[in-house]
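Peer 1: Following this message is one structure expressed as structure tokens.
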Amino acid sequence: MNYRKWIVGLLVVMLCLPMWTPGARAASLQITIELDGETLNSDVPPYITRSNVTMVPAGVISQGLGAGVKWDQASKTATISKGNDVLKLTSGSKSAIVNGASVSLDTSVQITQGRVMVPLRFVSEQLGLQVVWNQATKHIALYSNIEIGGPATPSTPAVPTVPAPTVPTPVVPIPTVPTPTVPSIPGAKTSKAMKGAWVSTVYNLDWPSTSSAGNADKQKREFDSLLDKLKAAGFNSVFVQVRPSGDALYPSQIVPWSKVLSGTQGKEPGYDPLQYMVSSAHSRGMQLHAWFNPFRATTDASTSGLAPNHVAKQHPDWIVKAENKLYINPGVPEARQHIIDTVMEVVRGYDIDGLHLDDYFYPSNVAFADEPAFKAYNSQGIATKGDWRRDNINQFIRQLGQEIHAAKPSVSYGVSPFGVWRNKKADSSGSDTTAGVSAYDDMYADVRTWIKSGWIDYVAPQVYWSLSFSAARYDKLVDWWVNEVTGTNVKLYIGLASYKVGDTKQTAEWQSGEQIINQLKYNEKYDQVAGSILFRANDIVVRNPYGLAGLLSFYFKN
């Protein structure tokens with residue numbers, strides 16, 4: 001066989017084939033669009049350009065968004081108007097005119113299959129709509145700023161659908177695509193009391209920035225900016241990490257200044273950050289809860305950079321190295337009291353709204369060398385080390401609560417434990433999960449006892465999994481925690497993993513802000529769920545994946 005002739009012939013055939021059209025691409029993507037829960041139909045399927053811009057027929061804009069659309073064939077310009085807003089997009093131009101000002105564009109008007117196609121996100125956002133793209137389902141949800149009370153009714157078209165150019169082109173029907181099961185619109189019941197966000201200071205994650213080290217004015221501006229963004233997104237409370245590594249973001253008589261303020265542990269920052277944060281939050285009508293890592297002493301195993309008054313330097317006999325971190329041994333009574341004393345400095349000295357502990361008790365799935373303490377501090381003769389460890393944490397939780405409530409009853413005292421107390425396989429009263437770690441068995445945190453005994457005011461389990469994650473489904477865990485607080489005076493806030501949204505290492509359901517909205521809406525089933533706390537601040541309002549901050553602002557809006 002003459003392969004050269006065969007290859008040449010094949011190339012000729014390929015060159016004669018029609019080019020891949022946007023319409024064909026759209027058919028394979030099967031993009032669907034809804035506005036406030038109502039499906040927007042299109043006679044030409046939407047498609048995505050090479051510059052990752054979603055294009056839709058201008059008729060969708062006029063019909064669905066209630067905007068006026070005019071097409072000038074001579075100048076190839078689409079004029080879109082709604083209220084006082086006027087947008088002009090010209091085919092081939094890299095900019096648009098918005099209310100008389102030039103705004104840059106990735107993609108402007110295109111003509112496809114006899115229809116004028118416009119960039120959906122650009123037009124929608126200019127008209128005040130929130131756009132949410134769900135990569136997994138190829139679904140676009142548009143939310144308008146409307147009063148909530150029922151499904152929105154699509155607006156009456158201001159003008160007829162834009163006519164096709166002179167030469168008629170066959171219209172490709174939209175592929176039949178089942179409507180994804182997503183929330184119709186941020187919804188009817190958003191009056192939950194707690195709308196909180198965790199603000200991490202460890203590693204300078206959320207605040208203060210490393211570039212602000214030693215600059216008190218810059219740190220204040222950064223915190224004010226962070227609060228303004230959170231408040232605009234609908235949050236009413238912040239949980240600020242004031243003890244990231246056995247140190248303090250306030251002047252303490254017991255522990256050193258945190259290195260996140262200056263780059264050097266023990267160095268005075270020139271102001272009282274906690275006092276400023278409390279004042280800044282309260283001036284905005286927001287609550288501030290002081291967040292403590294109880295038993296974590298350091299984030300690594302080195303002591304070289306620690307201040308002389310750090311607990312690892314002053315009391316090395318209290319310290320256990322585990323998982324390349326240094327922990328304060330919960331089995332030593334004096335060590336537990338040391339932590340309680342540092343907490344009470346803040347409770348007595350500041351007008352905080354709450355005192356918040358996370359899940360740093362015993363580290364999970366690592367060896368923890370506490371045999372000497374087990375022998376020395378087991379006056380009750382507890383038989384197993386596991387039960388003894390749980391008793392140590394129980395004593396700590398109970399005593400801290402007693403001191404807080406005696407000193408300042410107005411301060412709300414709560415804990416954010418790992419989201420799975422126990423799996424059903426280990427305990428028939430546990431949750432219907434198969435998690436590899438549990439709070440009771442691995443962190444020795446018997447949260448059930450704390451709730452039933454009324455030692456805490458609220459519990460905020462970290463339910464950091466999706467609604468489809470089989471080993472630990474969000475809905476099953478919320479159901480379980482609701483049952484635990486029912487009949488008690490302990491409030492339930494649910495901790496949500498906003499940090500997973502848009503993380504490419506996560507599964508498809510996290511490639512959209514709608515996973516978080518779905519979870520918040522699931523919480524509405526229960527009066528026992530008194531609100532939510534999202535981890536963490538910068539992942540919401542700075543990184544803002546898929547417009548999460550805007551989507552939350554619509555959801556939280558009463």
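Peer 1: Which whole number in µm²/s is D for segment 216-324 by Stokes-Einstein, with the Kirkwood Rh taken over Cα pairs at 4 °C and 1.567 mPa s?
Peer 2: So the translational diffusion coefficient is about 86 µm²/s.
Peer 1: State the Kirkwood hydrodynamic radius of segment 393-457 in Å, one decimal place, computed from all pairs of distinct Cα atoms.
Peer 2: For segment 393-457, inverting the mean 1/r across all distinct Cα pairs yields 12.7 Å.
Peer 1: Label residue 383 and residue 483 with points 7 Å out from Cα along Cα→Cβ: what is the distance between them in nm?
Peer 2: Going by the 7 Å Cα→Cβ label model, 2.7 nm.
Peer 1: So, one more: Might you work out the accessible area of residue 279 for me, using a 1.4 Å probe with all protein chains in place, and round it to the nearest 10 Å²?
Peer 2: For residue 279, the solvent-accessible surface is approximately 70 Å².
Peer 1: Taking only the alpha carbons of segment 268-385, what extent do you get along each of the three principal axes, in Å, biggest first?
Peer 2: Its Cα atoms span 51, 34, 25 Å along the three principal axes.
Peer 1: Can you give the alpha-carbon Rg of segment 380-425 over 2.2 N^0.38 Å, where N counts its residues?
Peer 2: 1.50
Peer 1: Show me, for segment 252-269, the HN-Hα J-couplings you get by feeding each phi into the Karplus relation (A = 6.51, B = -1.76, C = 1.60, θ = phi - 60°), rounded to Hz, glycine and proline as x.
Peer 2: Values, residue by residue: 10, 8, 10, 10, x, 4, 6, 6, 5, 7, 10, x, 10, 5, x, 8, 5, x Hz.
Peer 1: Multiply the residue gap between residue 70 and residue 264 by 0.36 nm, knock off their C-alpha separation, and tell me the result in nm, one decimal place.
Peer 2: Going from the current span to full extension adds 63.6 nm.
Peer 1: Calculate the tail of P(r) for segment 345-445: the fraction of all Cα-Cα distances greater than 21 Å, expressed in %.
Peer 2: 47 percent
Peer 1: Using only alpha carbon positions, build the gyration tensor of segment 329-383, then give the equivalent ellipsoid semi-axes as the square roots of 5 times its eigenvalues, largest first, whole angstrom.
Peer 2: Equivalent-ellipsoid dimensions as semi-axes: 28, 15, 9 Å.
Peer 1: Please grab the % of Cα pairs in segment 439-491 that end up more than 18 Å from each other.
Peer 2: Counting pairs separated by more than 18 Å, the tail of P(r) holds 37 percent.
Peer 1: Mind pulling up the Rg/Rh value for segment 448-558? Radius of gyration and Kirkwood radius, both on Cα.
Peer 2: Using only Cα positions, Rg/Rh for segment 448-558 is 0.99.
Peer 1: Under 10 °C and 1.306 mPa s, how fast does segment 267-326 diffuse according to Stokes-Einstein, given a Kirkwood radius computed over C-alpha pairs? Answer in µm²/s, whole number.
Peer 2: Translational D for this selection: 112 µm²/s.
Peer 1: Okay, next question. Percentage of Cα-Cα pair distances in segment 478-522 greater than 12 Å, rounded to whole percent?
Peer 2: Percent of Cα pairs beyond 12 Å in segment 478-522: 65.
The values are calculated or read from the model by the stated rules, or taken from the named source; none is laboratory data. Just so it is clear, the structure is predicted and the values come from calculations on it, not from any experiment. Cβ atoms come from the backbone with ideal geometry, glycine included; neighbour counts cover every protein chain shown. We work out accessible area using only protein heavy atoms, side chains counted, and drop any ligands, DNA or RNA first. Shrake-Rupley method; radii C 1.70, N 1.55, O 1.52, S 1.80 Å.
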